[in-house]
Structures are given as structure tokens and as C-alpha cells.
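Below you'll find the structure, written out as C-alpha cells, and then a few comments.
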Amino acid sequence: MSNPDYIITDELQQAVDAAITLERPLLVKGEPGTGKTQLALEIAKRLDAPLFQWHVKSTTRAHQGLYEYDAVSRLRDSQLGDEKVKDISNYILHGVLWDAFTCEQRAVVLIDEIDKADIEFPNDLLQELDRMSFNVYETRETITAKQRPLVIITSNNEKELPDAFLRRCFFHYIEFPDKTTMERIVAAHYPTVKQDLLKSAMDVFFDLRDVPGLKKKPSTSELLDWLKLLIADDLPAEMLGADELRTVLPKMHGALLKNEQDIHLFERLIFLHKQRNGQRNR
Amino acid sequence: MLLDFFSHLRRSGLPVSTTEHLLLLEGLSKQVGVLDLQKFYLFARLCLIKDESLYDRFDQVFQDYWAGKEAAFDLNVDNIPQEWLRMADRDALTDEQKAMVEAMGGWDKLMETLAKRLEEQDEAHHGGSKWIGTRGTSPFGHGGFNPEGVRIGGKGGQGRAVKVWEQRRYKDLDGTRELGTRDFKIALRSLRRLTRDGRPDTLDLNGTIRATAQNAGLLDIKMRAERRNSVNVLLLLDIGGSMDYHSALCEQLFSAARTEFKHLEHFYFHNFIYEKVWKDNSRRHNDTVSVPELIRTYGKKYRLIFVGDATMSPYEVVAEGGSVEHWNNEPGAVWMQRMQQHFSHCVWLNPEKPDYWETTPSIRIIRQLMHDRMFTLSVNGIQDAIDALKTPISANLPGEQL
């Protein structure tokens, strides 16, 4: 393992192996913060392959990943009488896939958050990902992948992806890590953390995830951030309130609860809990 | 054998295609996902299932199909039993127990018996030596001592779980139902047409060329709107009461609509709009959102779509205190007008047959309130509704006519 910080489960490992062997794009879904994007970085590192990242936004169009024809520069150059203007290839800007296809060794391509783009976006990439080649109309050349790159696609499930696209991919759903895996992840990041602090923190964290109706459940990356704060402040484990569940808002809860309504909800739960305890004591 | 599995999946309603099946075969021929049934399970899932909400159904089908057929799988890969056998320490068994295992008659027999037991047993069982459960000497269950045992669910003491698909880990994800009817997909195409309006921010090449030519060659750039999802929809669904009959239809519309818009919010109401709506029907009494808050939260740009049969007593619309569930200080019609003043793009979709519209007084009233923007919940109806949503209702609200 090149980066001990990233814990890869057996299931995911097998999915990646299959994608490499069969040279198919791997579509990864999962809750935010389960390390979908990290996966591509990690694979690139472990394979020692160059990584090409393509972060998709709502305005991203499919052809931007292939190439763009900069007509405006060419127009300007033609007005200035520049010699460059005669060769159209001077105005073709290479996209991520172009670079990955022409790379000498096998590359890793990350298409991040594909669901952010227009509904047609995945369909527009079908041919390119399938045949790993595309045409450049302006210069009438065909760019074919020298080595089929390993394509990792992540999705946050904001839009449904078209069937034709899904059929060509492998699909893996990253589950939220269970307690054991989470302990491994934390141990990889903070090997020196005090055991009692870690235990209370984990209890609070998983308890918080079980609270019904939370708008945004805290994720792995948030747990790690929170632990970082706790370690930095060197808080004793008792301060977290893990023993008496939901009696106080956990320390530094801002790192875990990112939504006003969630904090309110949690406070209400604490209130109810206190009330119930009070009745029991009477 | 695998073809059989494939058709079994298809029969169970899982959307697997021939290409995916061929990919699975290609993988197996390249030694991916062989050697062990768990690897095969993961690889088959990777290839065939493209939606985590279908994982649970896949698990069930997989279990259903492969239970009792592991033996057949063994013919190709004969090192599974050994691995399973290594799970437990053989020496820990008494001679008597060993004899019992022998008596079971090996792996094939064991799996058959397992399938039979699973059918027979209908409650959790812990301890003992026959039923499936934990801590016993029965060959089935987990944490037990039988070397030929098959672990079912749960975390085992030794080795990793053999059959993950039996854990039904993805049960919670199987909440979404697949949109089945072709009609709705066609109707959605028109919803999508609506979603393709936007800011003028892309170059209109043809327009620019024309304008430039007209301009004697001086560049005159024309822009036009890009095609994108920019429409926000607020969906208000009638739930309970007379709508139960139509709820299936409504849910179809809802699950279809969820994916088509960038911003889609839904709330429920009962029969008619009063001062509050709610998001989660199971917590309708303590987790409500007031209509003024709704108006404050969602901008005027939101398209408002009501779905309801509008079939009720007319008092529920026009009278104060008319609601069947609580005392409303102001009649529903007033709330409806308030919403319309803010959300001027609104329609009402009615699953009730149009034949009844004229004869049901409440539908007549609500149609009037909606300025005739009531449409049937059908392909044509939705198309008309989408067209109507493009224009706002006129400002002079004829509520006083009532």
C-alpha cells in the first residue's frame, strides 16, 4: 500500500481489479464522504499511473472532455495576420480524455460527479468510453487510445443515469463503513489517538448517524475532521457525553452537524431525553 | 447454467441486458470472479446491477437461485469446500459430532438439507443442534462448531462471512420503485421540454453569422439560451382519504419526476390546502410546514403542481372549519389564493376521470379556483399541464365569485 491513509475494502478491491482486467469504466456511487473521489487518486498512486481528473459541473459539456476548438483566438489571430491561423490544429485545445488517450502508459481517468451535468452528458460520452477513440472534425483526425485508460466515474445520485450508459460500466456502491472498518480508517489517519477518546467519539458518531430525520448524516470525512479538532484540543473522553447518550450536544458538533435544522432536531432530542430521565428519577 | 441464472434474474424483474451477461462471461473467461462463490457474487453484482436500490432484490434472487446449487459451482472450482472446512477447528469437535457430520452425507446433501430447513424454520433460533441459528452444533448458522457448516448472516468468529448476500444489507435501499409504464415515460418527455429553458449564455453561431453578414462583415455576436434544467418544481400531493385509491398513480408520477428536475420539493396535504402541509406522512401531526413558510422559502420561479382528486365536501374548500382533520380558521380557498398569488405558475393534476368533473361540486369549485388549470393524470393531461405551466395565471383572481 502506497498510502496507508486510504482503507480499501475487499469488495471494492475486487471491483477495481475487475475493471482493470476487463478494461471497463467503473461507476462508483455512495454516500458523500465515503471516499469515492479519493479512490481514483489512490488507484493511480498504487498503479503508478498518471491521473487525469475531470470534475464535472452543471455547465460541463461532453465535448469539453475531448477537445475544444478555440474559434475566438483564431478569429483574433486572423485579424492580426498571424501565420498560426493557417493551421487549425493550433486552436484545438486538448481535453482530459484526449490527454489520457494519447498518454504513453496506461492512465487513470477520473470523471468526478457525473450526475452534476446535463441529463444528456453521459449519453454523449458513450461512444468515446466504449471504443476509446473519437474524431476531431476540424482536423479530420481520429484520436485512439494507445492504452485503454482505467476510467473511474463517481456519482452522487442527483440524477439517474441513462441505461445505455450504465450497461457499459461496472457499478459499485460504496457502503458506509461499519464500525470495524471505521476503526481501521481512523487508526490509519490518527495512529496515536487515545483509545478512550476514540471509543467515545465513535459511539457519539454512530449514535448521531442513527438519529432519525437528520438532513445530512455526518460522513467519514467529517468524523476525521472532528477527531482532528478533538485531538488538537486534547479533550478528555468524558467531555463527549457518550456515556449518557444524547444528553449534551457533543463538543465541536459543528464539524459533524452542518445544518441548522439538524442541530435543532438534535437539541430537541436532548430535551426530550432529559425530560424522560427526569420523570424516571422522580 | 449461467444462462439459466440470467433468465432467472430477468424473470425476477431485474433489468439485466445481454451485453452485461456477455461481459460477465468475458470476465469469467479471464478468471475474474471465479474460484469462490463470494467472488462470483460480487463480480456478478458488479456486472449486472447498476442501481444500489436493486441490490437487495439481487441478493434475494441470488440466494434463491444458488441455494442448493453450490455443488454445481464446485464442479468448476473445487477448492471451495476446503476453504469452508478450514473455518472451524476440527479438533474441537468430539468424535460423536464428527460422525454426525459424516452422517449428513457431504456437501451436496448439506445444502439440500439447508434449503429444506430454511423452509421449515420460521423463527430465530439460538443453540441446539438442528435448527438454523447461532452457537449450536447444527451445520447451519454461525458461530457454531460444525466444520462443514454454512454460515448464515451475522459476524463469524473465524474467517469472513461466506455468504454476504444472505445478510440482506441493502434492504433499506430498496425504497424506490421502478417506473414501469411506458405512458409515463412519454409524458416525461414533455416535462423535459419544459426544463430546457435558461439564461442566454451560449453563442448562437447561425444567428451570429447572419447578423455579421448583415453588418457588412463586422462581428455581431448573438447569444441564446442554453438547454439545461433550470426549472424548479414544488409538488403537493394529496394523501389519504379518497386519494388512497389513486396513490399508486401519484407515486409513479412522483418517482418519475424526481429525476427530471434540478430542484424538486414535495409536500403532502389531505384533501385540500390549508395552513400547513407536511413532508413525511408518518409524522404528519408533529412535523409540518406552514404554508406561509412554504411561500417564503420557495421563490416565485417555482412551478406548483397539485396532485389530488379534488373530491370532497364543498365545505372543505369554501368554509372555515371545513377541514375533516382539524379546525381551520380560514377556508381552504383563501389559502389556495394566497399560494396562487405567489406561485403564479400552477396546475392541478386530477387522477379522477373527467366524466365526473362536472357532476362533483368540489371539483367544479376547485377548477374555478385553479382558473381551469385542472388536467387529468394522463399523458395528454400532463402535456397540457406542462404547456399551461409556461404561462402565469392572470392577476385578477376570481375568488369572490364563490
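Nothing in this text is a laboratory measurement; each read-out follows from the coordinates by a stated rule. None of these values were measured; they are calculated from a predicted model. So basically every Cβ, Gly included, is an ideal-geometry build from the backbone, and we count neighbours across all protein chains shown.
The ranking of B:Tyr315, B:Tyr356, B:Tyr274 by Cβ neighbour count inside 10 Å, starting from the fewest, reads B:Tyr356, B:Tyr315, B:Tyr274.
Which of A:Lys57/A:Lys194; A:Lys29/B:Lys279; A:Lys84/A:Lys146 have a Cα-Cα distance over 30 Å? Exceeds cut-off: A:Lys57/A:Lys194.
Using R0 = 45 Å, the C-beta based FRET efficiency linking A:Lys179 and B:Lys300 works out to 0.40. Per-residue Cβ neighbour counts within 10 Å put A:Val109, A:Val186, A:Val211 in the sequence A:Val211, A:Val186, A:Val109, beginning with the fewest. Note on A:Asn123 and A:Asp234: the extension gain reaches 34.8 nm, defined as 0.36 nm multiplied by sequence separation minus the Cα-Cα distance. Judged by the mean number of other Cβ atoms found within 10 Å, the most tightly packed of the peptides B:209-215, A:147-153, A:125-131 leads the ranking A:147-153, A:125-131, B:209-215.
For chain A, the equivalent ellipsoid built from the Cα gyration tensor has semi-axes of 47, 21, 18 Å, listed from largest to smallest. Inter-chain neighbour count for A:10-17: the average number of beta-carbon atoms from partner chains within 10 Å of each residue's beta-carbon is 4. Computed from the Cβ-Cβ distance with R0 of 41 Å, the FRET efficiency linking B:Ser12 to A:Asp17 stands at 0.90. Pop the C-beta distance of B:Thr359 and B:Gln337 into the FRET formula with R0 = 25 Å and round what comes out to the nearest 0.05. The computed FRET efficiency comes out at 0.50. Between amide H atoms placed 1.01 Å from N, distances below 5 Å from A:Ile174 occur with A:Lys29, A:Gly30, all of them 5 or more places distant or on a separate chain.
Each residue in B:Lys222, B:Lys301, A:Lys116 was given a count of other beta-carbon atoms within 10 angstrom of its own, and listing them fewest first yields B:Lys301, B:Lys222, A:Lys116. When you filter the GluC sites (Glu not before Pro) in the range A:165-222 for DSSP loop state and at most 13 other Cβ atoms inside 10 Å of their Cβ, nothing is left.
The residue among B:Trp357, B:His342, B:Met370 whose Cα reaches farthest toward the positive pole of the charge dipole of the range B:331-375, with charges on the beta-carbon of Lys, Arg, Asp and Glu, is B:His342.
A simple spin-label model places the labels of A:Ser78 and B:Ala213 1.5 nm from each other, with each point 7 Å out along Cα-to-Cβ. Summing Cβ point charges (Lys, Arg +1; Asp, Glu -1) relative to the Cα centre of the range A:34-135 gives a dipole of roughly 160 debye.
For the cross-link pairs A:Lys116/A:Lys258; A:Lys179/A:Lys228; A:Lys45/A:Lys258; B:Lys276/B:Lys301, the ones whose C-alpha atoms lie over 27 Å apart are A:Lys45/A:Lys258. A simple charge model with +1 on the Cβ of Lys and Arg, -1 on the Cβ of Asp and Glu and nothing else charged puts the dipole of the range B:281-342 at about 460 debye relative to its Cα centre.
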